[in-house]
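Engineer: Can you read through this structure? Questions will come right after.
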Amino acid sequence: MIVDINFVGLIVASIMASAVPLILASCGELITERSGVLNLGVEGMMIIGAISGFALMTVTGSLIIAVFGAMLAGVLISTIFAFLTQTLITNHVATGLALTIFGIGISAMIGKNFVGIPGKEFPVLFEGLKDTIPLLSPILFGHSIVFYFAFALPFITSYFLKKTKIGLIVRAVGDSPEAASNQGINVRFVRYACILYGGAMCGLAGAYLSMIYTPQWIENMTGGRGWIALALVVFSTWNPIKILIGAIIFGGLTIIQFHMQAIGVRIPVQFLTALPYIVTIIVLVVISRDSRKIRLSTPSSLGKSFHKDN
Amino acid sequence: MHKFLIRSFVSSLVLLFTLTVAAVAKDVKAAFVYIGPTGDHGWTYQHDVGRKAVEAAGFKTTYVEGVPESADAERVLRQLANSGHDIIFTTSFGYMNPTNKVAKEFPNVKFEHATGYKREHPNVATYAARFYEGRTILGTIAGTMTKSNVIGYVASFPIPEVIRGINSFTLAAQKVNPNIKTKIVWAFTWYDPGKEAEAAKALIDQGADVIAQHTDSTAIVQMAEKAGVYAFGQASDMDKFAPKAVLTSVENNWGPYYVDRVKAVANGTWSQKDTWHGIGDGMVVISGLDSQMPSDLQAKVKKLQADLASGKVHSFTGPIYDQKGNLMVAEGKTADDGMLAGMMTYVKGVEGDIPK
């Protein structure tokens, strides 16, 4: 087979498109976890975002309302989680799992009326430039605004955590809520904000799936991507740039294995389908093997409840 | 006199009792067990359309969705059998053993298992549809409409049902166009819109200009629409999801069979059998043909449809060779149902190996 340079560009573009929901959800969860809160409800928040976005798009006809509505839905459902874990001091793991189950159930219930309705076309940017530069054009141009936002997000997140005062506060709250509290920081408020932000990003990730990637509503359509996003956060050792690398490797291998099948590479298909999971973990473990750095970036009080009055 | 009074009283009681039982027996309750959610717009969705037809025919129905093919299935079946259901449809292959096991415990309840082959007790029947007949039609259309001579096929799992579909499709496509190649990609899922779309995209990037699918979501036809290639709807009419891409769909039409069987229970005529219906019996339905298809092709497809229905044409008519060139079906012969049910080899012209 002759490898056409534009063909490579097309493959890279589809790899990047498939990485978008993982990047969005992971970067959102990263902020939540950096503040010391472990929210296992990513899958649930994503699916709520997916149905909310699709439902609002169908009912209102407005893509802007739908996208922001999906983020708001993510915020609302994560408020439940925040209230339970921060105000009522429940266990993070159990509450997060419940949130996922709740999200899948309620999205299926709302979604009953939206099955079998085709989605709307989502506008893309720079469509006209699509044939200007070989190889790079299909990668750079002709994508939705959410796509560009997702690829900027890891850098914004990294800058936010490292260079801004608010980022420092978030990290302080995640590392030592007692110390932060003694400094006069309202730990509960910061954690609420981080949980809600995580919810918004997961909602957006879900909306990307139901409105842009495969524009339709199908029950359970997130298909476990929320769990992958959660795993990416841990294996990237809470580093947004490594999340980006992990998401691209994961998305890339998923797509490349289909190409290998279509070309007729004689490797057992079961191995190929397992490849994205194995390789992503190996690569992230290898690039994150510096234990000093892991200690620095791991939120020390992750998943631990904080009582102000003790 | 006294004796006579008592006797008549008793006999009228018995009569009354029999009448009541008869009246109750007419009030048949049917239950459906689904593997997926009714909102999948594919496999389970179509079974639920069938259930609604039963409801419309005046019977009470219940359904349980998202039942795993494990001990959970047994528990669900037992509960349905215990709660007064007279006939239970189990609509996925993996329910085969649970269905037979529970059927033994409830000899008065009828069980209908879709796509299976085990009927260990007299109250278990099996049914399936000859979807491969629909794929013969899709293959004919694909072979005619392709310009690149590369046809993509997104497959789910390597089981006889899927292999049979690939073979039937490829044989029909080769018949109208000996130069075509069928490229198969295994998605290893029945429905995951994201993954299915990615698989379709990979095939399109590799030059396929017609995409067939044996997975359930509408993501593939939508991807085809975006890329400007042709595709076919699976399980339900998917035209509205991709009006330009979808040339036709193969629909699963379970309603008539379900109504028949529930009525048979009501009339007391239900008996065990193995049903494998195709286009002829209306279990497999071809949706409307797209106007982009040339009129001579449309005519050809309509004739083929009629011939498949009447039995004049069989999807697997010899000579058929496997990939290595061994004869599978001799000239003038057709594959029997036993061979079709256990088909685990590709025919000549399909690229690649079956995942083991």
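All of the numbers you see were taken from the coordinates with simple rules; none came from a lab. Since the structure is predicted, the reported quantities are computational estimates derived from the model, not experimental observations. Glycine gets a Cβ as well: all are built from the backbone with ideal geometry, and neighbour counts include every protein chain shown.
Engineer: Based on alpha-carbon positions alone, could you give the equivalent ellipsoid semi-axes of chain B from the gyration tensor, as √(5λ), descending, whole Å?
Structural biologist: They are 44, 20, 19 Å, listed from largest to smallest.
Engineer: Quick check: Cα centre of the range A:42-94 to Cα centre of the range B:262-337, how many Å?
Structural biologist: Taking the Cα centre of the range B:262-337 as reference, the centre of the range A:42-94 is 47 Å away.
Engineer: For residue A:270 and residue A:178, what is the calculated FRET efficiency with R₀ set at 45 Å and r taken between the beta-carbons, to the nearest 0.05?
Structural biologist: E(calc), rounded to 0.05, equals 0.35.
Engineer: Hey, another quick one. List every DSSP H helix in chain A whose Cα atoms extend 24 Å or more along the helix's own long axis and whose mean Kyte-Doolittle hydropathy is at least 1.6.
Structural biologist: The qualifying helices are A:42-60, A:63-82, A:92-111, A:269-287.
Engineer: Stretched out fully, how many nm does the piece from residue B:72 to residue B:327 gain, at 0.36 nm a residue minus the Cα gap?
Structural biologist: Answer, rounded to one decimal: 87.4 nm.
Engineer: Relative contact order for the range B:117-172: what percent, with Cα pairs under 8 Å and sequence separation of 6 or more?
Structural biologist: Answer for the range B:117-172 is 46 percent.
Engineer: Need the full-extension length gain, residue B:260 to residue B:105, defined as separation in residues times 0.36 nm minus the C-alpha distance. One decimal, nm.
Structural biologist: 53.3 nm
Engineer: Given a Förster distance of 22 Å, report the FRET efficiency between residue A:109 and residue B:62 from their Cβ-Cβ distance, rounded to the nearest 0.05.
Structural biologist: Approximately 0.75, to the nearest 0.05.
Engineer: If you don't mind, there's one more thing I want to ask. Could you give log10 I(q)/I(0) at q = 0.07, 0.08, 0.09 Å⁻¹ for the protein assembly as shown, computed by the Debye formula over C-alpha point scatterers of equal weight, without solvent?
Structural biologist: Per q value, in the given order, log10 I(q)/I(0) is -0.53, -0.68, -0.83.
Engineer: On to the next question. Measuring from label point to label point, each 7 Å out along Cα→Cβ, what is the residue A:286 to residue B:120 span in nm?
Structural biologist: That separation, rounded to one decimal, is 5.0 nm.
Engineer: Per the helix-only calculation at 222 nm, which mean residue ellipticity applies to chain B, given -39500 (n - 2.57) for every DSSP H run of n ≥ 4 and division by its residues, nearest 500 deg cm²/dmol?
Structural biologist: The helix-only estimate for chain B comes to -13500 deg cm²/dmol at 222 nm.
Engineer: Give the average over all directions of the projected area of the C-alpha convex hull of the range A:5-297, one decimal, in nm².
Structural biologist: Across all orientations, the range A:5-297 yields a mean hull projection of 16.8 nm².
Engineer: Using alpha carbons only, how many angstrom separate the centre of the range B:116-177 from the centre of the range A:218-259?
Structural biologist: Here the answer is 33 Å between Cα centres.
Engineer: Something else about it: Would you mind checking the tilt of helix B:43-56 against the longest principal axis of the Cα atoms of chain B, expressed as 0 to 90 degrees and rounded to 10?
Structural biologist: Its long axis makes an angle of about 40 degrees.
Engineer: Limiting things to C-alpha atoms, what are the Rg and the maximum Cα-Cα separation (Dmax) for the range B:27-129, in angstroms?
Structural biologist: 12.4, 34
Engineer: Additional query: What distance in nm lies between label points placed 7 Å from Cα along the C-beta direction at residue A:279 and residue B:341?
Structural biologist: Result for the modelled spin labels: 4.2 nm.
Engineer: Order these by the 10 Å Cβ neighbour count, fewest first: B:314, B:41, A:259.
Structural biologist: With the fewest neighbours first, B:314, B:41, A:259 line up as B:314, A:259, B:41.
Engineer: Which entries of B:29/B:101; B:263/B:333; B:201/B:244; A:242/B:183 show an alpha-carbon separation above 27 angstrom in the structure shown?
Structural biologist: Beyond 27 Å: B:263/B:333; A:242/B:183.
Engineer: Here's a follow-up. Rank these for me by crowding, A:12, B:67, B:250, going from fewest to most other beta carbons within 10 Å.
Structural biologist: So the residues, fewest neighbours to most, are A:12, B:67, B:250.
Engineer: Can you give the mean number of other chain Cβ atoms that lie within 10 Å of the Cβ atoms in peptide A:209-218?
Structural biologist: Across A:209-218, the average partner-chain Cβ count within 10 Å equals 5.
Engineer: Could you work out how far helix B:295-310 tilts from the main Cα principal axis of chain B, as a 0 to 90 degree angle to the nearest 10?
Structural biologist: Approximately 40 degrees, to the nearest ten.
Engineer: Order of B:51, A:295, B:130 from fewest to most other C-beta atoms within 10 Å?
Structural biologist: Sorted ascending by nearby Cβ count, the order is A:295, B:130, B:51.
Engineer: At 222 nm, what helix-only mean residue ellipticity would chain A give, in deg cm²/dmol to the nearest 500, using -39500 (n - 2.57) for each DSSP H run of four or more?
Structural biologist: -23000 deg cm²/dmol
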